[in-house]
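The values are calculated or read from the model by the stated rules, or taken from the named source; none is laboratory data. Only a predicted model underlies this, so the values are computations on that prediction, with no experimental measurement involved. Don't worry about glycine lacking a Cβ; one is built from the backbone with ideal geometry, like all the others, and counts go over all protein chains shown.
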Amino acid sequence: MTDPPSAAFADAAVAVARVQATFERVQRERMAGLPLLNEALRVELIGLRRWRGLWLGVLITPWFINLLLLPGDGRADDEEVAARWPAVRPGEYAQFAFPAGVLGFLAGREGELGEYLSCSLFSPVFEFADHDIARQTAEACLQALFDPAVAGGRPAAEPPAVEPVQVGKRDFLRGRWQPAVSPPADP
């Protein structure tokens, strides 16, 4: 992947429409009839927002729920530092630091969508009884991702004293964001 990719999205509505159309096609053409589908869910991109010059949202499908990063214009908002689109090939990982910790994103490419990065949250998704519960979970994941208190219980105004902690996706979803703490040394 290059920096910036040629298929960068300038508009959220266009990105949402293209992502949903792409994964609806994947569902019809490659996933139809597979036993790992939860028929109660449909393809939907939740909470797409600009983040450090990229687009970030949660993609719900009948076979997974993933954090999704898409190329943006590369320009960060005033208080942010721009994130560079990583030079990784499909199947390779890139890491990004969020207030809740560092997460690994798998590089992918899908026809009309182009390049994207995904971080698996749930796969398969049989634990979701209906789409509304999946939506609520997706929104909660996005909220937790940007909650600085999640990373070590630090107040939002206090900068971290150490580098961000690498958090596995299972630990993130189970609320285990804090690094192991060594006992205080005896004086």
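Summed over segment 120-150, residues that are crowded, with 18+ Cβ neighbours inside 10 Å and of a type in the set (D, E, K, R) total 1. Which members of segment 88-143 meet the condition of being among the aliphatic types (A, V, I, L, M) and either in contact with a Pro (Cβ under 6 Å, 6 or more places away or on another chain) or in a strand (DSSP E or B) (or both)? Matches in segment 88-143: ALA94, ALA97, VAL102, LEU103, LEU106, ALA107, LEU117, LEU121.
So, TYR93, is that one surrounded by 13 or more Cβ atoms within 10 Å (Cβ to Cβ), touching a Gly at 6+ places or on another chain (Cβ under 6 Å) and under 16 Å from LEU48 (Cβ atoms) or not?
Details: surrounded by 13 or more Cβ atoms within 10 Å (Cβ to Cβ): yes; touching a Gly at 6+ places or on another chain (Cβ under 6 Å): yes; under 16 Å from LEU48 (Cβ atoms): no.
So TYR93 does not fit the description; no.
For segment 26-61, a tally of residues being under 16 Å from GLU110 (Cβ atoms), out of contact with any strand residue (DSSP E or B) (no Cβ under 9 Å at 6 or more places or on another chain) and of a type outside the set (S, T, N, Q) returns 4. When you look at LEU45, is it crowded, with 21+ Cβ neighbours inside 10 Å, under 21 Å from ARG135 (Cβ atoms) and in contact (Cβ under 8 Å) with a residue 60 or more places away in the chain, yes or no? Criteria not met by LEU45. For PRO160, are the conditions met, namely being modelled with pLDDT under 90, surrounded by 15 or more Cβ atoms within 10 Å (Cβ to Cβ) and not basic (Lys, Arg)? Judged against the criteria, PRO160 is not a match. LEU69 passes every criterion in (1) over 21 Å from ARG25 (Cβ atoms); (2) within 15 Å of the chain's Cα centre (by Cα) apart from (1). Within segment 15-53, the set of residues being more than 28 Å from ARG84 (Cα to Cα), assigned to a loop (DSSP other than H, G, I, E, B) and not basic (Lys, Arg) comprises ALA32, GLY33, LEU34, PRO35, LEU36, LEU37, ASN38, GLU39, ALA40, LEU41. Scanning segment 54-66 turns up no residue that is modelled with pLDDT of 95 or more, surrounded by fewer than 18 Cβ atoms within 10 Å (Cβ to Cβ) and not in a strand (DSSP E or B).
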